[in-house]
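Notes for the one structure printed next.
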Amino acid sequence: MKLLTGPAPHIHENISTRRIMLDVLIALTPSAILAVLMWGWYMLLLEIGSMAFAEFLEFFVMRVFRKKKDFVPDLSASVTALLLVFNVPAGISWWTMASGILVAIIIGKEIFGGIGNNPFNPALVGRLFMYISFPVAMITWPQVNWLHFWTPAYDVATTATPLGEAKLHGVAAATQLFHGLTWNSFLGLIPGSAGETSALLLIIGFLYLWWRKIVSYEIPVAYIGTTFVLSALFWFANPSAYYDPLTSIMVGGLMLGALFMATDPVTSPVTPLGKWIFGIGAGVITVLIRYIGAYPEGVNFAIILMNALVPFINQFTKRRVFGTVKENG
Amino acid sequence: MLVWRFKGGVHPPTKKLAKDSSIENLKASKRYSLFVAQNSGNPPKLLVQAGSEVKTGQKIAEADGFVSVPLHSPVTGKVVEIKKEKHPVTGRPADVVVIERTGEDEWVKLSAKPYTEYTPDEIKKRVAEAGIVGLGGATFPTHVKLSPSKKVDTVILNGAECEPYLTIDQRMMVEHPDEICKGGVAIAKAVGAAKIFVGIEENKPDAIESMKKAGSAFGIEVVALPTKYPQGSEKHLIYAITKKQVPSGGLPMDVGVVVDNVSTARAIYRALEFGEPLIERGLTLTGEGVKNQKNVIARIGTPVSDLLDYAEVSVESARVILGGPMTGIALESLEIGISKGTSGITVLPEGIVKKPAETNCIRCYRCVEACPTNLEPYLLYKMFKKKMFNEMKEEHLMDCIECGSCAYVCPANIDHVKAFKTAKLVVRTLGRR
């Protein structure tokens, strides 16, 4: 018999980074399909093309620049790419999209040393770059074009989004424009970025990840809960100027941000307490930007800002080590 | 009874393949090879040389200081060689006594009388003379545990056996509950404790029932524990039953508790009642790599190869592990003999043990969640890679119990435990300077 050696433990749970990333992709699939139903083939092209481009970039960097000859893609680049596609208007030009992917993968991730070493969520870095560089394209949303597969999204008439309209013309005008907003935004039948519109599908995807024990609930609950409570305060103070709290958590990419972007393990705290703080902080910043800041929506900035605080949060939310109690009994 | 669930831990498949096979006595081997260093603390000093004739139970090495125990010959025979061999635990060359069996057992026993007639001091003395160490695997000299410098009111017998595959403690509790209970009573008498518990994971209902039946006559309380690894860790077992946390860097006696493995309790009873020194132990022969799933009693020093012949290896390539799959040590040679700390030999085929190369940590927090000691393994490992040993110490490296839960759940295939063992050695060495 050939004796094999290796350190204990000799058995391992059947889990890998690739499997985790695959699960995230599975969780995002319902939303990805909905986006194609709403905006046609061009959406499908953006999704598949971005994932392929991101994987290519990462492969190229790892093999050519970092000389990792045994590098095998772990699908994390695809997750970044798909999340970025979900975060931009469906009619965005392919080259704008490609530049966003390039920034997300290279600046957002690889220059820090690849997966696990990036301080900021790469998809949000990419989106921020696109937001700043292509401000018009990033707020030009095509109308929902339900089940017209062959009509490209960039040919569809454009429209405002709920938060944008409210910022420009007030909530009353927006409510008139988006009839039945709360319910429609829960289902996803509102204009917005490609994959963020259906709260329902995003929640289903998240529950799948939670069931698979890939993510924990603290950040989404804290983030969405805080946004709900603070929005309620604004709404109570002046119902004609602000959305009701239920609508507030359905729009502006909050669900996508809270469920899938803020929960990125690399860029969020490790302990339960840290996760609560992270989620609450993101909620506060989001509402403040939405209602007091200059931008109509604040999820992107809120998460990026909280990302920056993660090392500090981790430092101050350590759990008490077993056996370091002061009193026993 | 209320049981306190520790935070963290993991649920590897328990795979108690040998749980229903009765304990068998292994037939004698031709040669026995005994590491002189079998106990933690000081290794004993050798009393024999090549050519010495020895009898079964004869002392062949004597204790060196208080935290040390003597070693006894497992058979009647002749010392043929004293050589150096790589010690599987330390990885360094260590003295090995090779004894060739020449015939039937001619016993040299210690004096004997009913176990109840020993005074506390006599019990401690006898346990030391008999060379008894913690049979759960830690091999800490038991008489030291029985001489606490603080008031002890509770004895806990550890029958958790949370390591997957291993079943010897379970079988001992099913087949020899009386001897275990009597050993427990002796331990309690030695330390002056009033209360005796037995902690058993609830996936061993036969052992629970058997111990309950036997224990009632002695006022011993059996506690069914949640099946969760590492429930059998001394500190977590104490917490489960008493809710007390052994202070960081402290010992069970700091919270008034002494913990001994159930097999250790049995060995104590036999040393008292029959005057038997510790020359044999029970162990499990198991794993998908062997045909016969067995629980056996084998003499200390029995070559691993003989045990594997008995269990019949059925695969081409495998890890042969001293102990269980979570904390055991993969052997590099099958010619070494089992020692006092060998609770099992687990043979795991390549398909089960192989794992892909390490990738980057993605801070998925699974290790943080799994750590039963509330450490942050991902952070410790990051520090380890930067050789930040002092920082690791501040992050409570020394509280790590090396249970392997972090490495078990890691999606990046990081060998945390290997790194932490190295780091602990470094910290200890630096501290000594």
note = If you go through A:GLY164, A:GLY180, A:GLY170, A:GLY225, the only one that is modelled with pLDDT under 75 and in the same structural domain as A:ALA258 (by TED's automatic domain parsing) is A:GLY180
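Is it true that B:ASP254 is without any contact (Cβ under 8 Å) to a residue 12 or more places away in the chain, surrounded by fewer than 24 Cβ atoms within 10 Å (Cβ to Cβ) and either in a strand (DSSP E or B) or over 20 Å from the mean Cα position of the chain (by Cα) (or both)?
Considered against the rule, which asks whether it is without any contact (Cβ under 8 Å) to a residue 12 or more places away in the chain, surrounded by fewer than 24 Cβ atoms within 10 Å (Cβ to Cβ) and either in a strand (DSSP E or B) or over 20 Å from the mean Cα position of the chain (by Cα) (or both), B:ASP254 comes out as no.
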ask   = Does B:THR264 meet the test of being in the same structural domain as B:LEU146 (by TED's automatic domain parsing) and crowded, with 24+ Cβ neighbours inside 10 Å?
value = yes
request  = Sort out which residues of the stretch B:313-322 are modelled with pLDDT of 95 or more and either part of a helix (DSSP H, G or I) or more than 8 Å from chain A (Cβ to nearest Cβ) (or both), and write them in order of number.
outcome  = B:LEU322
remark   = By residue number, the members of the stretch B:221-237 that are closer than 11 Å to B:PRO372 by Cβ, among the charged types (D, E, K, R) and more than 11 Å from chain A (Cβ to nearest Cβ) are B:LYS228
key: Subset tally (residues that are within 11 Å of chain B (Cβ to nearest Cβ) and either on the phi < 0 side of the Ramachandran plot or in contact with a strand residue (DSSP E or B) (Cβ under 8 Å, 6 or more places away or on another chain) (or both)) for the stretch A:270-329   = 20
Counted residues, the stretch B:411-433 - those being in contact (Cβ under 8 Å) with a residue 40 or more places away in the chain and not in a helix (DSSP H, G or I) = 5
message = If I ask for residues that are touching a residue at least 12 places away in the same chain (Cβ under 8 Å) and either farther than 21 Å from A:GLY192 by Cα or not assigned by TED's automatic domain parsing to the domain that holds A:ILE107 (or both), which ones from the stretch A:18-50 would you list?
response = A:ARG18, A:ILE20, A:MET21, A:LEU22, A:ASP23, A:VAL24, A:ILE26
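Output yes when any residue across the stretch B:132-145 is within 14 Å of chain A (Cβ to nearest Cβ), over 16 Å from B:GLY275 (Cβ atoms), touching a residue at least 12 places away in the same chain (Cβ under 8 Å) and of a type in the set (D, E, K, R), and no when none is.
There is no residue in the stretch B:132-145 that is within 14 Å of chain A (Cβ to nearest Cβ), over 16 Å from B:GLY275 (Cβ atoms), touching a residue at least 12 places away in the same chain (Cβ under 8 Å) and of a type in the set (D, E, K, R).
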message = Suppose we keep only residues that are assigned to a loop (DSSP other than H, G, I, E, B) and surrounded by fewer than 24 Cβ atoms within 10 Å (Cβ to Cβ) within the stretch B:161-219. Which one would you say is nearest to the chain's Cα centre (by Cα)?
response = B:PRO164
inquiry  = Within the stretch A:130-246, considering only helices (runs of 4 or more DSSP H) that don't extend past its boundaries, which have at least 3 residues that are touching a Phe, Trp or Tyr at 6+ places or on another chain (Cβ under 7 Å)?
reply    = A:199-211, A:218-237
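Answer with yes or no whether B:ASN374 is more than 30 Å from the chain's Cα centre (by Cα), at the interface with chain A (Cβ under 8 Å from one of its Cβ atoms) and polar (S, T, N, Q).
No; evaluated as a whole, the condition is false for this residue.
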request  = Could you give me the residue pairs with C-beta distances under 7 Å whose first residue belongs to the stretch A:124-148 and is farther than 17 Å from A:ASN300 by Cβ, whose second residue is part of a helix (DSSP H, G or I) wherever it lies, and which are 6+ apart or on separate chains?
outcome  = A:PRO142/A:TRP39; A:PRO142/A:ALA153; A:VAL144/A:MET38; A:ASN145/A:MET38; A:ASN145/A:TRP39; A:TRP146/A:LEU37; A:TRP146/A:MET38; A:LEU147/A:LEU37
task = Restrict the check to the stretch A:20-36 and report whether at least one residue is modelled with pLDDT of 95 or more and touching a strand residue (DSSP E or B) at 6+ places or on another chain (Cβ under 6 Å).
result = no
inquiry  = It is to be established whether one or more residues within the stretch B:18-28 are farther than 30 Å from B:PRO205 by Cα and either modelled with pLDDT under 95 or not hydroxyl-bearing (Ser, Thr, Tyr) (or both).
reply    = yes
query = Any residue in the stretch B:332-339 that is more than 8 Å from chain A (Cβ to nearest Cβ) and over 29 Å from B:ARG428 (Cβ atoms)?
reply = yes
key: Single residue of B:VAL75, B:VAL54, B:VAL36, B:VAL79 found to be among the aliphatic types (A, V, I, L, M) and within 18 Å of the chain's Cα centre (by Cα)   = B:VAL36
query = Among the numbered criteria (1) surrounded by fewer than 24 Cβ atoms within 10 Å (Cβ to Cβ); (2) assigned to a loop (DSSP other than H, G, I, E, B), which single criterion is violated by A:PRO269?
reply = (1)
Residue among B:VAL426, B:VAL368 that is over 20 Å from the mean Cα position of the chain (by Cα), closer than 24 Å to A:GLY323 by Cα and surrounded by fewer than 20 Cβ atoms within 10 Å (Cβ to Cβ) = B:VAL426
message = For the condition buried (at least 21 other Cβ atoms within 10 Å of the Cβ) and in a loop (DSSP other than H, G, I, E, B), what is the one hit in B:VAL67, B:VAL75?
response = B:VAL75
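Please specify each residue of the stretch A:20-53 satisfying the condition of being of a type outside the set (Val, Ile, Thr) and either facing another protein chain (nearest Cβ under 7 Å) or touching a Ser or Thr at 6+ places or on another chain (Cβ under 7 Å) (or both). If you could, list the steps in order and put the result at the bottom.
Let us first name the residues in the stretch A:20-53 that are of a type outside the set (Val, Ile, Thr), namely A:21-23, A:25, A:27-28, A:30-32, A:34-35, A:37-47, A:49-53.
Those that are of a type outside the set (Val, Ile, Thr) and either facing another protein chain (nearest Cβ under 7 Å) or touching a Ser or Thr at 6+ places or on another chain (Cβ under 7 Å) (or both): A:MET21, A:LEU25, A:SER31, A:LEU34, A:GLY40, A:MET51.
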task = Might you check whether a residue that is part of a strand (DSSP E or B), farther than 28 Å from B:ALA311 by Cα and either away from chain A (no Cβ under 14 Å) or without any contact (Cβ under 8 Å) to a residue 12 or more places away in the chain (or both) occurs anywhere in the stretch B:3-10?
result = no
ask   = Applying the selection to the stretch B:265-312, what residues are acidic (Asp, Glu) and assigned to a strand (DSSP E or B)?
value = B:GLU280
key: Scope the stretch B:351-365; condition within 8 Å of chain A (Cβ to nearest Cβ), surrounded by fewer than 21 Cβ atoms within 10 Å (Cβ to Cβ) and closer than 19 Å to B:GLN293 by Cβ; matching residues   = B:ILE352
inquiry  = Based on this model, can you work out whether A:GLY114 counts as buried (at least 21 other Cβ atoms within 10 Å of the Cβ), in a helix (DSSP H, G or I) and of a type outside the set (Asp, Glu)?
reply    = no
query = Consider A:PHE129 against the criteria (1) more than 14 Å from chain B (Cβ to nearest Cβ); (2) under 30 Å from A:LYS68 (Cα atoms); (3) buried (at least 23 other Cβ atoms within 10 Å of the Cβ): it satisfies all of them except one. Which criterion is unmet?
reply = (3)
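Every residue, every condition in (1) more than 14 Å from chain B (Cβ to nearest Cβ); (2) surrounded by fewer than 21 Cβ atoms within 10 Å (Cβ to Cβ); (3) in a helix (DSSP H, G or I), yes or no:
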site: A:GLU55; (1), (2), (3): yes, yes, yes
site: A:GLU58; (1), (2), (3): no, no, yes
site: A:VAL64; (1), (2), (3): yes, yes, yes
site: A:LYS69; (1), (2), (3): no, yes, no
site: A:ASP74; (1), (2), (3): no, no, no
site: A:ILE101; (1), (2), (3): yes, no, yes
site: A:ILE105; (1), (2), (3): yes, no, yes
inquiry  = Conditions first: (1) within 10 Å of chain A (Cβ to nearest Cβ); (2) under 19 Å from B:CYS162 (Cα atoms). B:THR342 passes all but one, so which condition is the exception?
reply    = (1)
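The values are calculated or read from the model by the stated rules, or taken from the named source; none is laboratory data. Computed from a predicted structure; not experimentally measured. We place every Cβ from the backbone using ideal geometry, glycine too, and count neighbours over all the protein chains shown.
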